[in-house]
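Asker: This is the structure I want to talk about, given as structure tokens.
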Amino acid sequence: MLVKKNKYKNKDPWTETKKKYRLTARQIEMAKKLGMNPKKFGKYSPNNNQPWKEPLGSFIERCYEKRFNSGI
């Protein structure tokens, strides 16, 4: 029986998340500062059955602004 190898095995989970969800480096940095877990991004991203959810990149930016720019 052949075992399928994970092609992202040795990579950083943030690098894998950036490629999978098409995020920019800026959005990844924001997510890190917010303390988000890259393995849980599937919950935050919308699919066809959830049209009310905003795109993941916009969600991260909105959370970052809400948390860090609220005092300005």
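The values are calculated or read from the model by the stated rules, or taken from the named source; none is laboratory data. This structure is a prediction, so every number in the text was calculated from the model and none was measured. Glycine also receives a Cβ, built like all others from the backbone with ideal geometry; neighbour counts cover every protein chain displayed.
Asker: Looking at Y8, Y64 in this structure, which one is at negative phi and at pLDDT 95 or above?
Answerer: Going through Y8, Y64 in turn, just one is at negative phi and at pLDDT 95 or above: Y64.
Asker: Only residues in the stretch 18-47 that are in contact (Cβ under 8 Å) with a residue 24 or more places away in the chain and on the phi > 0 side of the Ramachandran plot count as the first member; pair them with residues that are part of a helix (DSSP H, G or I) and not aromatic (F, W, Y), Cβ under 8 angstrom, at least 6 apart or cross-chain, and list the lot.
Answerer: Filtered contacts from the stretch 18-47: R22/G57.
Asker: Could you check how many residues of the stretch 30-52 are surrounded by 14 or more Cβ atoms within 10 Å (Cβ to Cβ), part of a loop (DSSP other than H, G, I, E, B) and at pLDDT below 95? Quick ask: steps written out before the conclusion?
Answerer: Initially, the stretch 30-52 is screened for residues surrounded by 14 or more Cβ atoms within 10 Å (Cβ to Cβ), giving 30-31, 36, 38, 41, 44-45.
From the residues that got through so far, the ones that are part of a loop (DSSP other than H, G, I, E, B) too are 36, 45.
Those left that are additionally at pLDDT below 95: 45.
Residues flagged as surrounded by 14 or more Cβ atoms within 10 Å (Cβ to Cβ), part of a loop (DSSP other than H, G, I, E, B) and at pLDDT below 95 within the stretch 30-52 amount to 1.
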